[in-house]
1. How much accessible surface area, in Å² rounded to 10, belongs to the heavy atoms of M750 with a 1.4 Å probe?
2. Of W112, W25, which has the most accessible area and how do the rest follow, probe 1.4 Å?
3. Got a sec to turn the phi values of region 476-493 into Karplus ³J(HN,Hα) couplings, 6.51 cos²θ - 1.76 cosθ + 1.60 with θ = phi - 60°, whole Hz, x for Gly and Pro?
4. In nm, what is the difference between 0.36 nm times the number of residues separating K342 and E710 and their Cα-Cα distance?
5. Counting only heavy atoms of the protein chains, get the accessible area per residue of the chain (1.4 Å probe) and round it to a whole Å² value.
6. Need one number: % antiparallel among DSSP beta bridges in region 499-645, to the nearest 5.
7. Express in nm, to one decimal, how much length is gained between A403 and E685 on full extension, taking 0.36 nm for each residue of separation and deducting their alpha carbon distance.
8. R0 = 51 Å: FRET efficiency of K472 with L761, Cβ-based, nearest 0.05?
Amino acid sequence: MASHVVGYPRMGPKRELKFALESFWDGKSSAEDLKKVSADLRSSIWKQMCDTGIKYIPSNTFSYYDQVLDTTAMLGAVPSRYNWTGGEIEFATYFSMARGNASVPAMEMTKWFDTNYHFIVPELGPDVNFSYASHKAVNEYKEAKAQGVDTVPVLVGPVSYLLLSKPAKGVDKSFPLLSLLDKILPIYKEVIAELKAAGASWIQLDEPTLVLDLESHKLEAFTKAYADLESSLSGLNVLVETYFADVPAEAFKTLTALKGVTAFGFDLVRGTQTLELIKSSFPSGKYLFAGVVDGRNIWANDLAASLALLQTLEGVVGKDKLVASTSCSLLHTAVDLINETKLDDEIKSWLAFAAQKVVEVNALAKALSGAKDEAFFSANAAAQASRKSSPRVTNEAVQKASAALQGSDHRRATNVSARLDAQQKKLNLPILPTTTIGSFPQTVELRRVRREYKAKKISEEEYVKAITEEIKKVVDLQEELDIDVLVHGEPERNDMVEYFGEQLSGFAFTANGWVQSYGSRCVKPPIIYGDVSRPKPMTVFWSSKAQEMTKRPMKGMLTGPVTILNWSFVRNDQPRFETCYQIALAIKDEVEDLEKAGITVIQIDEAALREGLPLRKAEHAFYLNWAVHSFRITNVGIQDTTQIHTHMCYSNFNDIIHSIIDMDADVITIENSRSDEKLLSVFREGVKYGAGIGPGVYDIHSPRIPSTEEIADRVNKMLAVLDTNILWVNPDCGLKTRKYTEVKPALQNMVSAAKTIRTQLASAK
Ligand code: GLN
Ligand code: ZN
């Protein structure tokens, strides 16, 4: 019984790669420095896996930016705007594609399936001249080999690569990307031949798109591609790896019949139905790589349960054909628990990060071959038991309250148009009211204040004074700009989810639990380990203080339950919706306390609602139902005159527009300026929307200052499809990453655009 790891985090236990990359990009260190840090990281990972006893150790899962971009480089599919002239692709071209350069923008980035990792989308068309232009896979194989580690080189499979790409600019939207298989397969063959020549005996081709709802012509592309590769793959053991969900029955049939393939990898943490397919129809004589150790979360594996599952599978495929593995690449979990010095021992005993998961996989493989490490297994069993029975996990009152929510429905009693009328009487806003999304620029000084307060270097009093002054500055600025609904600017918050998580019970925070989001960017999701409750008000102090500074309405600013859930490591001992309902109840308490404190407009951000959408369409309705219900729960108990806003960080919600409407918020502000047409087309197609809506009028991701005319033009376009009395005017998202020198003139132009149009509308009457 052997062990395998699908892939491993690249950043390093203390984000060494991040710092090396950023220093190189800033011109503070050389390419050689960057290469050295990277080689050291790779080498330590290989050594760790080798010392642990892992049999199938991956290589080429390292990346300077992204594995899909690496594949684009391998295939020489560099878009022409980067002026690449051939030869081996070097850093300059590679990082220009990833991040843009002074004269050309970066390639588009999008979410990798339902993870928070983002990949660089290949831009393809009939004119791309593919050529073998990056020998990275072969070089890394050789590099490991020179260190005495015979690895399994990993490539993004050819069909998934094409299915994840998009037609390049100027190429017809309907261009059949799969028709490029004939052009890219010869390059895959070259790579495979080189790997063989270098001594590789295994190769792993990741084809995660097999878990999606694929039409039959896409499945046929797999059959065709692997038939074409068959002869070049001969002599190698070939693993086709899938992850993140069940493989649907049709895809399972296609996959297990692929020519030239000797092993199949499945995510058995999320793929519970795949298990049934394996039991009933796994082909005999092939290897089964059973992904039983969760690569998407930070919990220690229930080793006894996994061992039992592996024993069952052994009965299906035979001892020598079963391999214990991770459910997906460990890229999506934190790196190493060893650096967590602040977590207490009890919580730590419940966790396993990537380094620990490698040990778990190995322990399972050994146990199955009769060499069970009894001490390791019993320590694990004790930790599982302590997690089940710990009073820190269970809060009976919360359990009861959240259980009562299931299967029920919660809505504000009055319909949205009547509510808007009641609110308008109280708020007395002009048409096209202006507002912002919440945060204002976070200065170096501000970050210092928060840091020193956290480290107890400055007193509570000094901290409150500094934050109050900052809020005052932001309030004065907004009054000066003549914005209608104000915000306090969120100076007390570092990260929105962290801010609430730190004040809720049931959450734990790591010191180094970073997960790559894109490029050098990492996030450190909180860990939800127990029933969630709110010991005391979280935002009332600052919101009331801010409201006292102005006569204009001051928005209370909260993060919604679905977003907190989707941006955390969530417990795996109860369904996600149950945890979400618990958070919803905590936020509900906060909403009601804000209302009591005299706050009349409350924004509950659901930036990440769409992110949680399951990969498979059949599961969408169930998710949207409890997610939207959770949002409504937060504000079901308030008066008609209290106005609820929500904000979303994407505009691509044409497919879920009815769920958005069903959230029943009074006003929704949404990102829009990077995709005007998409959003407006929903309304043009006749979707009835009666609540307030503020599609962002300018892109806050760019330092560029939009002109009054440009903003007015945007607003006018919106007015062509939306009623005058429901439209709000606001930027795309929070302003915290921008500078005041950009924010001031931009908001000035925004307000002046709103005023110009108001005057025009008034005189047109
Ligand atoms: N209120 C938050 C802010 O303005 C919203 C951030 C977000 O949508 N990600 O920063
Ligand atoms: Zn946003």
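The values are calculated or read from the model by the stated rules, or taken from the named source; none is laboratory data. Note that the coordinates shown come from a computational prediction; the quantities given were computed from them, not determined experimentally. Please note: Cβ atoms are built from the backbone with ideal geometry, for glycine as well, and neighbour counts cover all protein chains shown. Note: areas computed on protein heavy atoms with side chains; ligands, DNA, RNA excluded. Shrake-Rupley method; radii C 1.70, N 1.55, O 1.52, S 1.80 Å.
1. Accessible area, nearest 10 Å²: 0 Å².
2. Values: W112 5, W25 55 Å².
Largest to smallest exposure gives the sequence W25, W112.
3. Calculated HN-Hα couplings, in order: 4, 4, 5, 5, 4, 6, 6, 7, 7, 10, 8, 10, 8, x, 6, x, 7, 10 Hz.
4. Numbers: separation 368, 0.36 × 368 = 132.48 nm, distance 5.01 nm.
Answer, rounded to one decimal: 127.5 nm.
5. On the way: 29830 Å² over 765 residues.
Per residue, the chain has 39 Å² of solvent-accessible surface.
6. Details: 6 of 15 bridges.
Approximately 40 percent, going by the DSSP bridge assignments.
7. Numbers: separation 282, 0.36 × 282 = 101.52 nm, distance 3.90 nm.
Roughly 97.6 nm would be gained on extension.
8. Details: r = 34 Å, r/R0 = 0.66.
Working from the Cβ atoms, E equals 0.90.
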